[in-house]
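S.K.: Provided herewith is a single structure, encoded as structure tokens, for subsequent inquiry.
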Amino acid sequence: MRVRRGAAGTALVAALALVAGPAPASRPVTDDGAPVAPAVLVPIVNGVAGGVAAPTTGPTAPPAGPTPTASAGPADPPTPPTASTSGGSAPAPDPGLGEPLDAAAVTATLGPLLRGGALGRGRTPARVVDVATGEVLFDQADAGTVPASTAKLVTAVSVLEALGPDARLTTRTVLQDRDAAAPRLVLVGGGDPSLTSTPGPVGLPGSRIDPASLAQLARLTRWTLAARGIERVRVGFDDSLFSGRALHPSWDPAFPAFGVVAPVSALQVDQGRARPQGVVRVADPAAEAAARFAQQLADLGLEVSGTPRRVVARPRAVEVQAVTSPPLGTLVERMLSTSDNDAAEALARVAALATGHRGSFAGVQARAAEVLAGLGIDDPASRVVDGSGLSRSSALRPADLTTLLAVAGDGPGALASGLPVAAATGSLRGRYEVGATRPGAGLVRGKTGTLTGVVGLAGYASRPDGRLLAFAVLDDSVPAGTLGGRRAIDEALAALVACDCTAS
């Protein structure tokens with residue numbers, strides 16, 4: 001049996017480098033999607049945390065470098081990482097490299113390992129496909145299953161297909177009521193999930209990004225207003241790009257309090273955290289961002305009248321300044337590597353808007369359906385209702401994910417290079433390090449998925465001779481906890497890498 005592949009699958013094989021060195025993870029991930037407080041990434045500026053510009057009593061001089069313009073963003077944005085910067089260190093596999101595998105031998109190896117025990121009742125849904133040939137090597141209980149964070153693979157394809165890896169998201173300020181004693185300065189959100197309070201790189205080597213910051217936008221805005229003779233403003237904020245509910249009705253309402261995800265907003269800073277280095281998320285991320293921005297403007301010597309209010313920027317409002325996010329390819333890589341729920345929800349809405357849908361959960365679901373249909377997946381039971389995979393209302397088959405992995409895009413780009421590498425990076429750091437899992441270290445790269453009672457992993461396994469396999473393992477009936485189920489999946493994939501399963 002073979003899956004549809006074409007030239008895209010060949011390009012994918014040629015571009016992937018799956019043998020990883022011991023690159024550090026961007027942040028430890030213990031249970032992506034479960035209510036576990038995540039480690040917080042603190043921006044570093046000149047070697048220390050923080051970096052807000054010192055308050056001044058008058059106009060701030062333009063930042064060092066080129067004169068700021070309305071499209072100014074972070075200086076020297078980083079180039080999207082390749083597979084090597086995400087953990088790979090070996091040359092890209094050749095499409096014809098390695099010996100083909102025998103499906104019967106693969107089934108004999110995986111079948112006993114993906115049945116009962118620490119996993120769920122009966123046989124665990126799983127599939128393995130040879131990327132070069134499209135041959136299905138293992139296909140077990142291929143039924144719709146709660147995908148957890150493996151659904152972020154659909155979100156990644158959705159945004160990269162809609163906008164490409166080089167597009168950026170803009171946060172801007174506009175001025176209206178210019179003839180008033182205190183014109184209205186409106187902070188307009190553009191859906192950037194990486195916007196921070198203070199400038200500087202975020203993350204650890206291998207997935208570090210240089211996001212835009214409110215402090216940077218405040219300085220640029222203050223400088224431009226001073227040049228126009230404006231010393232007093234009222235602050236408004238516009239988060240109308242996204243619509244509908246901020247939390248999916250199927251989510252646990254405690255998610256924001258546990259730091260799992262913030263209420264989804266087109267305008268957020270520090271991913272909606274109450275404090276930049278905190279965990280708990282605020283109820284209204286846009287209002288929090290506007291309050292911080294108003295304070296930054298005041299610290300720079302601008303008189304701010306009243307408190308920020310929610311408005312919709314007028315079409316003829318005059319743009320004052322803007323900052324832009326890192327390229328979408330970089331944001332997608334980071335979303336996949338760290339299983340970033342906030343980034344996934346924002347990017348899913350951006351992709352929905354770019355393809356004619358609303359920036360809402362309904363739009364995200366409609367856009368995901370388009371992505372699946374474009375891959376030839378027409379099973380009505382397959383659905384993705386949010387961008388992060390936190391909802392238990394989503395359902396995907398392992399076949400859906402292996403099809404996506406095998407054929408999505410003419411070049412893998414951020415989808416492949418963003419996947420965590422076993423024992424090396426992202427949410428797979430700390431796994432594949434002991435016992436029967438060790439053969440998979442550096443050779444398995446995949447998107448993790450974890451909710452209470454749900455475990456999954458979908459990605460690529462590279463055999464020692466270079467043969468590349470796409471796999472997906474999903475189980476939403478894990479009896480108790482998730483650690484045992486994750487280890488069982490890891491042992492199965494390590495056996496796939498190491499088994500004597502060649503066809504010759």
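S.K.: When the residues of segment 426-470 are narrowed to those that are of a type in the set (S, T, N, Q) and assigned to a helix (DSSP H, G or I), which ends up surrounded by the most Cβ atoms within 10 Å (Cβ to Cβ)? Outline the logic, then answer.
M.R.: Taking segment 426-470 as the starting set, the residues that turn out to be of a type in the set (S, T, N, Q) are 427, 437, 448, 450, 452, 462.
Those still in the list that are assigned to a helix (DSSP H, G or I) too: 427, 437.
Values: SER427: 27, THR437: 23.
If we take residues in segment 426-470 being of a type in the set (S, T, N, Q) and assigned to a helix (DSSP H, G or I), then SER427 is surrounded by the most Cβ atoms within 10 Å (Cβ to Cβ).
S.K.: Between a residue in segment 121-135 that is more than 20 Å from LEU474 (Cβ to Cβ) and any residue that is hydroxyl-bearing (Ser, Thr, Tyr) and at pLDDT below 95, which pairs come within a Cβ distance under 9 Å, given they are 6 or more apart or on different chains?
M.R.: ALA132/THR10
S.K.: Specify the residue that is farthest from LEU331 (Cα to Cα); the eligible residues are those in segment 364-380 that are among the small types (Gly, Ala, Ser) and in contact (Cβ under 8 Å) with a residue 40 or more places away in the chain. Walk me through how you get there before you give the answer.
M.R.: Initial filter on segment 364-380 (among the small types (Gly, Ala, Ser)): 366, 368-369, 373-374, 376.
Next, from what is left, pick out any that are in contact (Cβ under 8 Å) with a residue 40 or more places away in the chain: 368, 374, 376.
Numbers: ALA368: 18, GLY374: 23, GLY376: 27 Å.
Residue satisfying both the conditions and the ranking: GLY376.
S.K.: Has segment 313-328 got at least one residue that is closer than 18 Å to LEU241 by Cβ and part of a helix (DSSP H, G or I)?
M.R.: yes
S.K.: Would you confirm, using the coordinates I've provided, whether PRO74 is out of contact with any Phe, Trp or Tyr (no Cβ under 9 Å at 6 or more places or on another chain), modelled with pLDDT under 95 and crowded, with 24+ Cβ neighbours inside 10 Å? Reasoning before the result, please.
M.R.: Working: out of contact with any Phe, Trp or Tyr (no Cβ under 9 Å at 6 or more places or on another chain): yes; modelled with pLDDT under 95: yes; crowded, with 24+ Cβ neighbours inside 10 Å: no.
Judged against the criteria, PRO74 is not a match.
S.K.: Something else: Any chance you could count how many residues in segment 77-115 are assigned to a loop (DSSP other than H, G, I, E, B) and either modelled with pLDDT of 85 or more or basic (Lys, Arg) (or both)? I'd like the intermediate steps shown before the answer.
M.R.: Step one: of segment 77-115, the residues assigned to a loop (DSSP other than H, G, I, E, B) are 77-87, 89-100, 102.
With the extra rule that they be either modelled with pLDDT of 85 or more or basic (Lys, Arg) (or both), the set shrinks to 98-100, 102.
Residues that pass the stated criteria total 4.
S.K.: Criterion first (under 20 Å from PRO125 (Cβ atoms), touching a helix residue (DSSP H, G or I) at 6+ places or on another chain (Cβ under 6 Å), at pLDDT 95 or above and polar (S, T, N, Q)) does THR448 satisfy it? Step through it out loud before you land on a result.
M.R.: Values: under 20 Å from PRO125 (Cβ atoms): yes; touching a helix residue (DSSP H, G or I) at 6+ places or on another chain (Cβ under 6 Å): yes; at pLDDT 95 or above: yes; polar (S, T, N, Q): yes.
Yes; evaluated as a whole, the condition is true for this residue.
S.K.: Could you go through segment 147-162 and let me know if any residue there is closer than 30 Å to ALA480 by Cα and surrounded by fewer than 19 Cβ atoms within 10 Å (Cβ to Cβ).
M.R.: Taking every residue of segment 147-162 in turn, none turns out to be closer than 30 Å to ALA480 by Cα and surrounded by fewer than 19 Cβ atoms within 10 Å (Cβ to Cβ).
S.K.: Condition test on LEU225, is it surrounded by 22 or more Cβ atoms within 10 Å (Cβ to Cβ), under 15 Å from GLU319 (Cβ atoms) and of a type outside the set (D, E, K, R)? Walk me through it before giving the result.
M.R.: Values: surrounded by 22 or more Cβ atoms within 10 Å (Cβ to Cβ): yes; under 15 Å from GLU319 (Cβ atoms): yes; of a type outside the set (D, E, K, R): yes.
So LEU225 fits the description; yes.
S.K.: Another question about this same structure. In this structure, is GLN271 assigned to a helix (DSSP H, G or I), in contact with a helix residue (DSSP H, G or I) (Cβ under 6 Å, 6 or more places away or on another chain), at positive phi and crowded, with 19+ Cβ neighbours inside 10 Å?
M.R.: Numbers: assigned to a helix (DSSP H, G or I): yes; in contact with a helix residue (DSSP H, G or I) (Cβ under 6 Å, 6 or more places away or on another chain): yes; at positive phi: yes; crowded, with 19+ Cβ neighbours inside 10 Å: yes.
Taking the combined requirement at face value, the residue satisfies it.
S.K.: Continuing with the same structure: Output the residues belonging to segment 358-396 that are surrounded by fewer than 23 Cβ atoms within 10 Å (Cβ to Cβ), more than 26 Å from PRO253 (Cα to Cα) and either in contact with a helix residue (DSSP H, G or I) (Cβ under 9 Å, 6 or more places away or on another chain) or assigned by TED's automatic domain parsing to the domain that holds ALA461 (or both).
M.R.: Scanning segment 358-396 gives GLU370, LEU372, GLY374, LEU375, GLY376, ILE377, ASP378, ASP379.
S.K.: Further question: Scan segment 344-354 and give yes if some residue there is surrounded by fewer than 24 Cβ atoms within 10 Å (Cβ to Cβ) and modelled with pLDDT of 95 or more, otherwise no. Lay out the reasoning, then the answer.
M.R.: Step one: filter segment 344-354 for residues surrounded by fewer than 24 Cβ atoms within 10 Å (Cβ to Cβ), giving 353-354.
Retained after the next criterion (residues that are modelled with pLDDT of 95 or more): 353-354.
So far as segment 344-354 goes, yes, one or more of its residues are surrounded by fewer than 24 Cβ atoms within 10 Å (Cβ to Cβ) and modelled with pLDDT of 95 or more.
The values are calculated or read from the model by the stated rules, or taken from the named source; none is laboratory data. Everything quoted here is computed from the prediction, not taken from an experiment. Neighbour counts are summed over all protein chains in view; Cβ atoms, including those assigned to glycine, are modelled from backbone coordinates with ideal geometry.
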